[in-house]
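J.: Structure incoming, see below.
The values are calculated or read from the model by the stated rules, or taken from the named source; none is laboratory data. Keep in mind that this is a model prediction, so the values were computed, not measured. Backbone-built Cβ (ideal geometry, glycine too); neighbour counts: all protein chains shown. In case anyone asks, the SASA skips ligands and DNA or RNA and just uses the protein heavy atoms, side chains included. Shrake-Rupley method; radii C 1.70, N 1.55, O 1.52, S 1.80 Å.
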Amino acid sequence: MTLLAVERIKLFSTRSPYWCSALALVLGVGLTAIIAASTDNGQLSLGVTQFGSSQLALSVVLVMAALAVTTEYRFSTIRATFLAVPNRTSALVAKTVVVAFIAGVLGEIIAFGSVGMAKLLSPASDLAINSGAEWRHVAGVGLLYGIGAIIAIAVGILVRQTAGAVAILLVWNMLLEGLIGIIPKAGVKIQAWLPFQNANHFLMLNGPEAAGAEQAGMGIDFKLSQWGSLGYFAGIAVAMLVVALIVAKRRDA
């Protein structure tokens, strides 16, 4: 518990969590507000409300999580951490838990805030959250953010440099996995096993409440169920973190 408290204090002693959280809220909820304001009252679907939270806001959260690690390497404060806590694994796991928890809470705020904003601007639209798929689509955003933060921390530990870690995460999440789909025949088959594509698959709505264009991953033949895709995404995150912890123990701080 002491390590968790220390990591929480260290995280919020910098400005990046505040700025990143504010930007994620603006992108997630703000984009929903723009869409709702430009859509005829009564025509807005629940799926559209999470358009900004599923990628744009997530990218900002990934950056925030990476900065929680790379900033310490940049200013060499990680050395003081490892001197105070010789067990590097414990220190880094505590940081991961704190950042992932904060990312998860932020994800829930953005997800439900987006629904609330949509209801405010389009009161005639049917935005009720009734079915299990609808709850997964909205409440699942927090799970996605928390797991994504673990991946970002792993990348930050491995790269140890802010620009490099941020570039990898943004290109990976926003560009690379989508571009792979243009490979003839094999592209969509590869995409079925990519982590962020599976994360989007977990959030997808099915049935009449799905909004069509906003449903990421359409056309991909996923081999796993939607909850299976979440487990796969989490498994990749844990595997990357384990590799990062092993590397961190073996090299100089």
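J.: Below 13 angstrom from the Cβ of Ile183, what's the summed charge of the other residues (Lys, Arg +1; Asp, Glu -1)?
T.: Result for the neighbourhood of Ile183: +1.
J.: Calculate, in nm to one decimal, what Ile190 and Ser76 gain on full extension: separation in residues at 0.36 nm each, minus their alpha carbon distance.
T.: Additional length available on full extension: 37.1 nm.
J.: Let me ask something else. Based on the mean of other Cβ atoms within 10 Å per residue, sort peptides 102-109, 32-39, 86-93, 62-69 so the most packed one is first.
T.: Descending mean neighbour count gives 62-69, 102-109, 32-39, 86-93.
J.: Excluding Ser13 itself, what net charge comes from residues whose Cβ is under 14 Å from its Cβ, given Lys and Arg +1 and Asp and Glu -1?
T.: +2
J.: So with the 1.4 Å probe, I'd like the accessible area per residue for region 32-177, rounded to whole Å².
T.: Per residue, region 32-177 has an accessible area of 39 Å².
J.: Contour minus end-to-end for Ile9 and Ala139, with contour as 0.36 nm per residue of separation and end-to-end as the Cα-Cα distance?
T.: Taking Ile9 through Ala139 to full extension adds about 44.1 nm, to one decimal.
J.: Tell me the label-point distance for the pair Val242, Asp221, using the 7 Å Cα-to-Cβ offset, in nm and rounded to one decimal.
T.: Taking the two extended label points, one gets 3.0 nm.
J.: Hey, another quick one. When you take every Cα atom in region 60-128, what is the radius of gyration, and what is Dmax, the widest Cα pair distance, in Å?
T.: Taking only Cα atoms of region 60-128, I get Rg and Dmax of 18.4, 59 Å.
J.: Using each residue's phi in region 26-38, evaluate 6.51 cos²θ - 1.76 cosθ + 1.60 at θ = phi - 60° and report the 3J(HN,Hα) Karplus result to the nearest Hz, with x for Gly and Pro.
T.: 5, 5, x, 6, x, 5, 4, 4, 5, 5, 5, 5, 9
J.: How big is the chain by Rg and Dmax over its Cα atoms, in Å?
T.: In order Rg, Dmax, the Cα atoms of the chain give 18.8, 59 Å.
J.: Quantify, in whole percent, the carbon and sulfur part of the accessible surface of region 59-151 (1.4 Å probe; protein heavy atoms only).
T.: Exposed carbon and sulfur together represent 68 percent of the surface.
J.: Compute the Kirkwood hydrodynamic radius of region 1-141, taking the inverse of the mean of 1/r over all pairs of distinct Cα atoms, and give it in Å to one decimal.
T.: 16.5 Å
J.: Given R₀ = 25 Å, what would the calculated FRET efficiency be for Ala37 paired with Met174, taking r from the Cβ atoms and rounding to 0.05?
T.: Approximately 0.50, to the nearest 0.05.
J.: In addition: Order Arg251, Arg136, most accessible first, counting only protein heavy atoms with a 1.4 angstrom probe.
T.: Arg251, Arg136
J.: After finding the eigenvalues of the alpha carbon gyration tensor for region 77-180, what semi-axes result from the square roots of 5 times each, listed largest first in whole Å?
T.: Working: eigenvalues 239, 64, 25 Å².
So the three semi-axes of region 77-180 are 35, 18, 11 Å.
J.: Across all directions of projection, what mean area in square nanometres is found for the Cα convex hull of region 132-180?
T.: The Cα convex hull of region 132-180, projected and averaged over all directions, gives 4.2 nm².
J.: I've got another one for you. Number of Lys pairs in the chain with C-alpha atoms less than 29 angstrom apart, excluding same-chain neighbours closer than eight positions?
T.: 5
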